[in-house]
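Below is one structure, written out as structure tokens; the observations come after it.
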Amino acid sequence: MPIKSLRFRFIGLFIIALIFILILWMQISNLAKENKNERLKNETLVFVQTLLPSYAMGNINTIEEFLRQFHYKTIKSIPEDAKILYKREDKIISISIFETHKYVGFYLRYFDDVIVAKHIIGYDFWDKYKNYILLLPIIFILLIFQATLFSLLNPLSRITKAISEFARGNYNFQLQSKREDELGELTRSFSASQRTIARMLKSRELILRSLGHEIKTPIAKMKLALKSPDTAQQKKLEKYVNDLQKISENILEFERINSGNIIIGYKHFFTETLILEALSGFEDESNKIQIDILDNEDIYSDLQLLTVVLKNLVDNALKYSQDGKIKIIAQDHTIEVINKGTPLRHDFSYYLEPFYRDENHHAITGYGLGLSIIHEILKVLCLKLSYRYDGENHYFSIHLKTLPKEGLI
């Protein structure tokens, strides 16, 4: 444990505080003991002075009755281990008050007559254990305080370790806290920041790693088309430019979503409005798209973002449809996009990652960003995307009912 660490300093302060409390407790115990001795001395001295008149007149019976009444027992001499609390001596009278561990007593000499007596010191529970009763709560509070300080250091240690891991480039760690205080809020804030930054760095890493590969093909085709005077090649050039533009738009959209710099504009609109907005760029494919709006329902969400979602879903379905046709069905707060094709070779979650595609689809123009953009936007809007394969058809469904956070995909 480093000497300059807070944990070491807290332990040092705890030891110093404990020593101080023990010293203070010893001083209080000594003062309490002195007060007890003074009380015993005064009580015994008063008793002895009460005996003196009877003793001076030689009334032994009265003295014995007094001793019996106050539970005194006569002894031969003062015990060797006794502590003298009071002493007074002259030629006529001599008085000594003594105390042992269990007894308090007196020595009385009048001329040549001597009486030595003692009785048990009566302690109640409080008198016997009050010093310990007062000490233990103080030590207990001190221990609780020390434990509280250590419990505050634990999340700080985890945050420090997480920052070190983050600085070394390790973004795949979980930092959670159930605390409801400021440290818990700090931990959750740091964890949220870590997830946001990690997501941004991951998306940028994927984009930088895949960008060169993805734009290589359209650029090469554009170069060939530019060298050809053929009109058909010029039309192909326009298509390649559009493809390149789509790549840049998808990459920028993906980066904007993952950066967290996205503002959601909630408003009311109908299902029909959303579908028409999404299909505005598919005029040339209108004969390939069948639309069935069974429920034209009111939707409260971001029209622009949902348009991007549905547009990407339609584009993806058209691109991979075996018969070149798709179907859109809207009912019961769900928009379903259906196309014909072979079963997916991987689990659906595989295709939600950017730039991931089936091996048998590399002959088809595509960049593997469509479903990942759809997935990220729906997470931001707290909506759900589901998939199923049935009867040689792919069914992609956007569920437009808002989900709780734990229901996000």
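At R0 = 51 Å, how high is the FRET efficiency between Glu283 and Phe150 if r is their beta carbon distance? Nearest 0.05 is fine. Write out the running numbers ahead of the final one.
Details: r = 68 Å, r/R0 = 1.34.
After rounding, the FRET efficiency stands at 0.15.
A crude spin-label estimate for the pair Arg7 and Phe140, with each label 7 Å from Cα along the Cβ direction, gives 2.8 nm.
Seen from Gln49, the other residues with C-beta closer than 14 Å to its C-beta sum to a net charge of +1, counting Lys and Arg as +1 and Asp and Glu as -1.
Run the numbers for Glu34 and His346: contour at 0.36 nm per residue of separation, minus the present Cα-Cα distance, in nm. Walk me through the intermediate numbers first.
Numbers: separation 312, 0.36 × 312 = 112.32 nm, distance 8.71 nm.
Taking 0.36 nm per residue and subtracting the Cα distance, the gain is 103.6 nm.
The modelled label-to-label distance for the pair Ile293/Ile84, using points 7 Å beyond Cα in the direction of Cβ, is 11.5 nm.
Straightening the chain between Val241 and Lys223 buys 5.4 nm, computed as 0.36 nm per residue apart minus the Cα-Cα spacing. Using the Cβ-Cβ distance between Leu45 and Phe20 with R0 set to 22 Å, the FRET efficiency from 1/(1 + (r/R0)^6) comes to roughly 0.05.
Short-range pairs are left out: with C-alpha atoms under 8 Å and at least six residues apart, the relative contact order of region 6-126 is 18 percent. Residues Met222, Met57, Met26 in ascending order of nearby Cβ atoms (within 10 Å, fewest first): Met57, Met26, Met222.
Based on other C-beta atoms within 10 Å, arrange Leu305, Leu52 from fewest to most. Before the final figure, lay out the partial values.
Values: Leu305 20, Leu52 14.
Least crowded to most crowded, the residues run Leu52, Leu305.
Starting from the 7 Å offset along Cα-to-Cβ, what nm value, one decimal, do you get for the label separation of Ile163 and Leu186? Spacing of the two 7 Å Cα→Cβ label points: 0.9 nm. The residues packed around Ala317, meaning those with a beta-carbon under 12 Å from its beta-carbon, carry a net charge of +2 if Lys and Arg are +1 and Asp and Glu are -1.
Average 1/r across all pairs of distinct alpha carbons in region 1-131, invert it, and you get the Kirkwood radius: 17.7 Å.
Please list, in order, the residues from region 55-80 whose amide nitrogen is less than 12 Å from a point placed 7 Å along the Cα→Cβ vector of Ser94. Counting backbone N atoms under 12 Å from the label point, the list is 78.
No value in this document is a laboratory result; all are computed from the given coordinates. Note that this is a predicted model, so its numbers are computed, not measured. Every residue, glycine among them, receives a Cβ derived from its backbone with ideal geometry; neighbour counts consider all protein chains shown.
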